[in-house]
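One structure is given here, and the rest of the page talks about it.
The values are calculated or read from the model by the stated rules, or taken from the named source; none is laboratory data. For clarity, every value in this text was computed on a predicted model and none was experimentally measured. Here the Cβ positions follow ideal geometry from the backbone for every residue, glycine too, while neighbour counts run over all protein chains shown. Surface areas here come from the heavy atoms of the whole protein model, side chains and all, with no ligands, DNA or RNA. Shrake-Rupley method; radii C 1.70, N 1.55, O 1.52, S 1.80 Å.
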Amino acid sequence: MSGDLIIRNIAELVTCSGFEAKSGEAMSDLKIINNGALRIEDGVITFVGSEAEWELISPDNQSDITNTIDGSGFSVLPGFVDSHTHFVFGGYRPDEFAWRLRGDSYMDIMKRGGGINSTVSSTREASKEELLESANNRLNSMLSFGVTTVEGKSGYGLDFDTEIKQLKVMKELNKSHPVDIVSTFLGAHAIPPEYLGKSDQYIGFVLDSVLPYVSENELAEFCDIFCEDHVFSVEQSRRLLNRAQTLGLGVKFHADEIVRIGGTELAAELGAVSADHLLQASDEGIRMLARNGVIATLLPGTAFGLREPYARGRFMIDQGCAVALATDLNPGSCYTESIPLIIALATLYMNLSPEEAISAMTINGAAALSRQNEVGSLDVGKLGDVVILDAPSYRYIPYHMGVNQVKTVIKRGKVVYSKNG
Ligand code: IZC
Ligand code: ZN
């Protein structure tokens, strides 16, 4: 079997068809085919349609297909695209979860040297092999939830060697693991202890010493920054992201997560690929994202985990934004790989419909990584990245709350995960 298969009699084939981000009302149309068939050859989709159409066009050659899967009773969707994670890290921070329950805020913990800088010291101490192993295990877990493309960020090194070590771990895993990895350079994730009180100098170091190396060695496709009160200002973010764009990287960044400082407006001004978090985004900032075609990437697991107010997903879609959903998997604010949890939260607390949530987790996630021509929908010519649910409809994902209903995951036409072995 070299990425060659057919799924027939699919109860509900959720194609999410399209080669661009879906914004506003378009997010509600999942382009569903009932009693469908899906053919993949050499890892690429070559037929999407009804079972009846398949029988008409291909009566003879059906017997040469080595792998035929019966889709009766099941819903079939594009592989999920988790477009914002921090899955390469050393150490864990369960103590911080308990401190927050007691009343400490995320920022209180960060200001006293915990938070991101706690993971920075564990990641600096970890060997490359240790990081490879733990990140590989997390990829396996993400794959079991139906994720076939994932974004991963550096940002737990905050020095030259460790930032590069994280990016190289992702490059190696991209070769060895079935999940496709898109790397983002997040050297400006926090101010490291060596630069305490000298954030401008730290930005200078990232800009002059690390970013050019990352770009020359093609270690990342995107550049990110934690544009946040007490972390990096809008001015510092503009400086770094402008340079990243000059060097040919796309920009996508943490904007208006905890305090409204204008990151949303900056994302629109720069023509970022996505603006992420947006819990505190202003009305005008949201309209600017819609006008400028910047994807609003929402991470409801983080609002849940930090007990912060959710980003205004309903308002964003009503204003014409393209919304993507992602896990934000990280060891601090949101330690989860659970796609069904994210979809449940997005529907129940951001008032997205189940259809909008599925568009956000597939085609819009792909667009948030500039991959809308390759993945994110089941269209002829795209990669054969497919999820088969152990349920008759995508509507069971939010409804069967938080439970993993993925039966089979197919990557480039090969079965790479099956429930029960
Ligand atoms: O490790 O706390 N918000 N970055 C920005 C994070 C959360 C990850 C972390
Ligand atoms: Zn993040």
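A few notes on this one:
- Normalised by the number of residues in segment 1-139, the mean separation of alpha-carbon contacts (under 8 Å, six or more apart) gives a relative contact order of 26 percent.
- Full extension of the chain between Thr66 and Ser393 yields a length gain of 115.0 nm, computed as 0.36 nm times the residue separation minus the alpha carbon distance.
- Kirkwood hydrodynamic radius of the chain, from inverse mean 1/r over distinct Cα pairs, in Å: 21.5
- Pairwise FRET efficiency - Glu129 versus Leu348, Cβ, R0 = 51 Å, nearest 0.05: 0.80
- When each of the peptides 142-149, 289-296, 240-247 is scored by the mean number of other C-beta atoms lying within 10 Å of its residues, the order from highest to lowest reads 142-149, 289-296, 240-247.
- Segment 368-417 gives an Rg/Rh value of 1.02, both radii derived from C-alpha positions and Rh following Kirkwood.
- Against the empirical curve 2.2 N^0.38 Å, the C-alpha radius of gyration of segment 96-214 lands at a ratio of 1.15.
- Segment 277-352: Rg to Rh, with Rh as the Kirkwood radius over Cα pairs: 0.96
- Extension gain, Glu284-Asn140: 0.36 nm per intervening residue step, less the Cα-Cα distance, totals 47.8 nm.
- Our estimate of slack between Glu269 and Thr46, defined as 0.36 nm per intervening residue step minus the Cα-Cα distance, is 76.4 nm.
- Accessible carbon and sulfur surface of the chain relative to its total accessible area, %, 1.4 Å: 48
- Cα-Cα P(r), segment 346-397, percent of pairs per 10 Å interval: 24, 46, 28, 2
- Relative packing of peptides 27-33, 410-416 - highest average C-beta neighbours within 10 Å first: 410-416, 27-33
- Shape parameters for segment 228-284, alpha-carbon atoms, Rg then Dmax in Å: 10.6, 32
- Computed E for Ala98/Leu56 - FRET, C-beta separation, R0 41 angstrom, nearest 0.05: 0.10
- Charged neighbours of Lys252, selected by a Cβ distance under 9 Å, balance to -3 (K, R count +1; D, E count -1).
- Placing dummy labels 7 Å off each Cα toward the beta-carbon, the span from Asp229 to Lys31 is 4.3 nm.
- Net charge contributed by nearby residues that have their C-beta within less than 13 Å of Ser353 (K/R +1, D/E -1): -2
- Cα-based Rg of segment 1-151 normalised by 2.2 N^0.38 Å, two decimals: 1.52
- Local electrostatic count, Lys165, Cβ distance below 15 Å [Lys/Arg +1, Asp/Glu -1]: -3
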